[in-house]
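The structure appears below as structure tokens.
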Amino acid sequence: MTLCRNFRRLLPALLGLIFIALPVPGRCGAVSATPATESGTHPRSLLDSLSLRLKGGAAFTTEEGVQAIRISGGGWGEIDPSAGLRGREGTLSLRVKPLWKRTEESRPLLSMRWGDAKSGYMVISQGWWEPTGAHRLYFIFNNEEFAHCSASIEIANGEWSEITVTWRSGPAGFCRLYVNGDRVAETRLSMAGNFLPCGPLFIGSDRGTSLAAGRRADALFAELTAQDYALSDGDISNIFAKREGGDARAGERKGSWNKQLLERVPIPEPPLDSRGTLRESRVIFDEDMEWATSRAATDRVIATIKKAGFNVYIPCVWYGGNALYPSALAPMPSTLVSAKSRAGDPLDYLIEQAHLSGIEVHPWFEVMRRDGGAFPEFAGDGVPAGAYDVHNPRFRSFIVGLITDVVRRYRVDGINLDYIRSLGNCTSASCRADYRLFTGRELLADIDASSSRKEASISIRKWNQRAVGEIVSAIAEKARLLHPGVVISVDSSLNSDYFLSQGNDAVVWANKGLVDVIFHMDYGRCPDWKTAANARQQFNDGKKMVMLLADYAILDQGVVPYDGRLLADFVRLARALKAGGIAFYHRPQLSEQQVAILAGTVFKETARTLWPEMPEK
């Protein structure tokens, strides 16, 4: 349908379709020679003329005072590539109200080809790779650059959602995805971007991709905007809040994808023990050393986590070079040596005060992580950067001794093993020899072939699993001899090939009884609950899996704690998994608002820890 002159002139005001004009490349595949514009110098501005075509029955409509485009029945919209998009840097934003019913199919909201000589495409889509991706929201900036990000989000049917994407190319490139003003996914990578669009920007259709298969998004579309620079997190959040009518109202809309899940799944209450007390492990991780600096600091930390309702504290005591307690096996940081001389053993005092408050203490060890130049005898040429050589028997003996020494000397309730993986593939002469002895194969040849030959990748995985597994087995045996009731936990990203290839065989360890708890790490604002539910099915006891989620985000403006209501939703959804509890990372970002919300809602009633196959205390 061709727009009349007057309607075309009024369209930007009606729909908020705002674009910055850029030259159109002369042919597909041609690289743009348009001079780069300094980021931020072009705020959004109206395009003098807008080439928008609605086809296949797509039409303009007004619903609840919102002027929109209605895409349905196989229709779509097109905007010429003069829409102001470019590969170097940019922002796209739109409001969408889905009309579709089935979520098992991909619903492309926007799609477009790039003139990058590779026939790359850009797409924003609810789902993309069926069927596994049907319940994720995707932003693929350029498939040929492997530049994409996604979140475990299904935008609500019959409800307006604001979706924004930003990107920047170059060595420090990124692509980001936002929903209702919140950054929900990001990928950082080096990527090319010196190109312009090739063909129209398609609305509600996959026609702009090389995978066009008639997929469409029946929905209402409004407020489609574009900038030739990447808006900041704060800008995007403020724009959404302004459109919603203020921060308070915008806050109610944030995290709506979690609320959709809460409406669909039953949320059980934590179980009760024979005395009628709730049983739920409520865990807070702490990678900061504040607790060890003075007794007053310890008291403050314990008081805060007690007030919030946590019953397990996991402080990091081994950073891969220094111990935050007096040890004959590793030095204390110089900043803590004087504190110890004034106040005694900080870990002993921490455990004492935590137990008085009904809080368990599980010291946290970053097992294979190497801090700086510590213990050079366990590293060297060929060892992955920032790691110890897990294939060195002397290192394995050292780290097992360090960890079990804490179990022997302190009244700990548990121990937590983090970085319990190789952190890469060691290629030193001794590692190559060990690999040849263990597998009968050549390590360097298998590393080169691991991406294309399954037998090579499996061989490397088994080699790393052997070494890491020996550490876990030795710790389990020796720690339980010293303290039969000690809870042994490990941190993992379940079903991750990356972790498995580095020897983190967490599910096997749990099912064999070597460890009691697996903390499944998922630090995004939109945890992948579906993947977590599938992972839980692999355990012979589902309580052995505990979700470990973030309580903050790192944005352009720095570290920003999440709203406490979002954390409360996380707790409810973790309960829906029927797992062993919930854990958050990390304590220094625990805000007063989060403490108040948790204490007043999901953690209002006191709970005792719930560990699998553990006798009541």
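The values are calculated or read from the model by the stated rules, or taken from the named source; none is laboratory data. This structure is a prediction, so every number in the text was calculated from the model and none was measured. So basically every Cβ, Gly included, is an ideal-geometry build from the backbone, and we count neighbours across all protein chains shown.
Hey, does the stretch 540-559 have a residue that's among the basic types (Lys, Arg), farther than 26 Å from Gly276 by Cβ and at pLDDT below 95? Within the stretch 540-559 (the criterion being among the basic types (Lys, Arg), farther than 26 Å from Gly276 by Cβ and at pLDDT below 95), the answer is no, since none of the residues qualifies. One residue is enough: does the stretch 517-531 have a residue meeting the conditions in the same structural domain as Val361 (by TED's automatic domain parsing), farther than 23 Å from Ser150 by Cα and in a helix (DSSP H, G or I)? For the stretch 517-531, residues in the same structural domain as Val361 (by TED's automatic domain parsing), farther than 23 Å from Ser150 by Cα and in a helix (DSSP H, G or I): absent.
For beta carbons closer than 8 Å, sequence separation of 6+ or different chains, a first residue in the stretch 594-606 that is in the same structural domain as Gly564 (by TED's automatic domain parsing) and more than 10 Å from Ala568 (Cβ to Cβ) and a second that is buried (at least 20 other Cβ atoms within 10 Å of the Cβ) and basic (Lys, Arg), there are no qualifying pairs. Per the listing Asp235, Asp206, the residue uniquely among the acidic types (Asp, Glu) and either closer than 19 Å to Ala134 by Cα or surrounded by 21 or more Cβ atoms within 10 Å (Cβ to Cβ) (or both) is Asp206.
Of all residues in the stretch 538-554, how many are in contact (Cβ under 8 Å) with a residue 60 or more places away in the chain and aromatic (Phe, Trp, Tyr)?
Just the residues of the stretch 538-554 that are in contact (Cβ under 8 Å) with a residue 60 or more places away in the chain, to begin with: 541, 543-544, 546, 548, 553.
From what's left, aromatic (Phe, Trp, Tyr): none.
The number of residues fulfilling the criteria is 0.
Can you name every residue in the stretch 106-135 that is of a type outside the set (A, V, I, L, M, F, W, C) and assigned to a strand (DSSP E or B)? Result: Arg107, Pro108, Ser111, Arg113, Tyr121, Ser125, Gln126. Within the stretch 150-175, being over 19 Å from Ala217 (Cβ atoms) and in a strand (DSSP E or B) holds for Thr166, Trp167, Arg168, Gly170, Phe174, Cys175. Residue count for the stretch 443-469 under the criterion of being in a helix (DSSP H, G or I) and in contact with a helix residue (DSSP H, G or I) (Cβ under 6 Å, 6 or more places away or on another chain): the result is 8. Within the stretch 266-300, the set of residues being hydrophobic (A, V, I, L, M, F, W, C), touching a Lys or Arg at 6+ places or on another chain (Cβ under 8 Å) and part of a strand (DSSP E or B) comprises Leu272, Leu278, Ile284, Phe285. The residues of the stretch 137-178 that are polar (S, T, N, Q) and under 17 Å from the mean Cα position of the chain (by Cα), listed by number, are Ser150, Ser152.
Quick one: is Ser169 over 28 Å from Asn534 (Cα atoms) and touching a residue at least 12 places away in the same chain (Cβ under 8 Å)? Judged against the criteria, Ser169 is a match. Taking the options Leu350, Leu329, Leu336, name whichever one is assigned to a helix (DSSP H, G or I) and under 30 Å from Pro376 (Cα atoms). Selected residue: Leu336, the only one of Leu350, Leu329, Leu336 that is assigned to a helix (DSSP H, G or I) and under 30 Å from Pro376 (Cα atoms).
Go through (1) surrounded by 15 or more Cβ atoms within 10 Å (Cβ to Cβ); (2) in a loop (DSSP other than H, G, I, E, B); (3) within 29 Å of the chain's Cα centre (by Cα) and name the single condition Thr427 misses. Unmet condition: (3). Scanning for something of a type outside the set (Gly, Ala, Ser), within 27 Å of Arg53 (Cβ to Cβ), in contact with a Gly (Cβ under 9 Å, 6 or more places away or on another chain) and crowded, with 23+ Cβ neighbours inside 10 Å, does the stretch 177-195 turn up at least one residue? Yes: the stretch 177-195 contains one or more residues that are of a type outside the set (Gly, Ala, Ser), within 27 Å of Arg53 (Cβ to Cβ), in contact with a Gly (Cβ under 9 Å, 6 or more places away or on another chain) and crowded, with 23+ Cβ neighbours inside 10 Å.
Taking residues in the stretch 354-369 that are in the same structural domain as Arg411 (by TED's automatic domain parsing), and partners anywhere that are small (Gly, Ala, Ser), the pairs with Cβ atoms closer than 6 Å and at least 6 places apart or on different chains are Val361/Ala354; His362/Gly414; Glu366/Gly320; Met368/Ala387; Arg369/Gly320.
Listed conditions (1) surrounded by 14 or more Cβ atoms within 10 Å (Cβ to Cβ); (2) at pLDDT 70 or above are all met by Pro268, apart from (1). If you go through the stretch 286-319 and keep only what is under 17 Å from Leu549 (Cα atoms) and either aromatic (Phe, Trp, Tyr) or free of Cβ contacts under 8 Å to residues at least 24 places away in the same chain (or both), you end up with Phe310, Tyr313. From the list Arg207, Arg188, the lone residue that is over 24 Å from Val559 (Cα atoms), basic (Lys, Arg) and outside the structural domain of Asp556 (by TED's automatic domain parsing) is Arg207. For the stretch 200-216, the count of residues that are more than 25 Å from Gln67 (Cα to Cα) and among the aromatic types (Phe, Trp, Tyr) is zero. Scanning the stretch 179-214 for residues that are under 22 Å from the mean Cα position of the chain (by Cα), in contact (Cβ under 8 Å) with a residue 60 or more places away in the chain and assigned to a strand (DSSP E or B) yields Val179, Asp182, Arg183, Val184, Ala185. Of all the listed residues (Val337, Val412, Val407), the sole one being among the β-branched types (Val, Ile, Thr), more than 22 Å from Gly503 (Cα to Cα) and surrounded by fewer than 16 Cβ atoms within 10 Å (Cβ to Cβ) is Val337.
Filtering the stretch 494-508 to residues that are in a loop (DSSP other than H, G, I, E, B), modelled with pLDDT of 95 or more and not acidic (Asp, Glu) leaves Gln502, Gly503, Asn504.
Considering Ser496, Ser451, Ser459, Ser501, the condition of being free of Cβ contacts under 8 Å to residues at least 40 places away in the same chain and under 24 Å from the mean Cα position of the chain (by Cα) is satisfied by Ser496 alone. Looking only at the stretch 58-72, which residues are touching a residue at least 24 places away in the same chain (Cβ under 8 Å) and among the acidic types (Asp, Glu)? Correct list: Glu63 only.
Does at least one position in the stretch 509-516 carry a residue that is in a loop (DSSP other than H, G, I, E, B), surrounded by 22 or more Cβ atoms within 10 Å (Cβ to Cβ), in the same structural domain as Phe365 (by TED's automatic domain parsing) and of a type outside the set (Asp, Glu)? Walk me through how you get there before you give the answer.
The first filter runs over the stretch 509-516 and keeps only residues in a loop (DSSP other than H, G, I, E, B), leaving 512-516.
If we keep only those that are surrounded by 22 or more Cβ atoms within 10 Å (Cβ to Cβ) as well, we get 515-516.
Subset that is in the same structural domain as Phe365 (by TED's automatic domain parsing): 515-516.
Those left that are additionally of a type outside the set (Asp, Glu): 515.
There is at least one residue in the stretch 509-516 that is in a loop (DSSP other than H, G, I, E, B), surrounded by 22 or more Cβ atoms within 10 Å (Cβ to Cβ), in the same structural domain as Phe365 (by TED's automatic domain parsing) and of a type outside the set (Asp, Glu).
Mind telling me which of the residues Tyr523, Tyr562 ends up being modelled with pLDDT under 95, under 23 Å from Phe310 (Cα atoms) and either surrounded by fewer than 19 Cβ atoms within 10 Å (Cβ to Cβ) or polar (S, T, N, Q) (or both)? Break it down stepwise before answering.
Numbers: Tyr562 fails: either surrounded by fewer than 19 Cβ atoms within 10 Å (Cβ to Cβ) or polar (S, T, N, Q) (or both).
Exactly one of Tyr523, Tyr562 is modelled with pLDDT under 95, under 23 Å from Phe310 (Cα atoms) and either surrounded by fewer than 19 Cβ atoms within 10 Å (Cβ to Cβ) or polar (S, T, N, Q) (or both), namely Tyr523.
Is one or more of the residues making up the stretch 463-483 in the same structural domain as Tyr313 (by TED's automatic domain parsing), farther than 14 Å from Thr404 by Cβ, under 25 Å from the mean Cα position of the chain (by Cα) and surrounded by fewer than 18 Cβ atoms within 10 Å (Cβ to Cβ)? Checking the stretch 463-483: not a single residue is in the same structural domain as Tyr313 (by TED's automatic domain parsing), farther than 14 Å from Thr404 by Cβ, under 25 Å from the mean Cα position of the chain (by Cα) and surrounded by fewer than 18 Cβ atoms within 10 Å (Cβ to Cβ).
Could you tell me which of the residues Ala226, Ala172, Ala230, Ala219 is at pLDDT 90 or above and either under 18 Å from Leu109 (Cβ atoms) or not hydrophobic (A, V, I, L, M, F, W, C) (or both)? Lay out the reasoning, then the answer.
Details: Ala226 fails: at pLDDT 90 or above; Ala172 fails: either under 18 Å from Leu109 (Cβ atoms) or not hydrophobic (A, V, I, L, M, F, W, C) (or both); Ala230 fails: either under 18 Å from Leu109 (Cβ atoms) or not hydrophobic (A, V, I, L, M, F, W, C) (or both).
Result: Ala219 is the single residue among Ala226, Ala172, Ala230, Ala219 that is at pLDDT 90 or above and either under 18 Å from Leu109 (Cβ atoms) or not hydrophobic (A, V, I, L, M, F, W, C) (or both).
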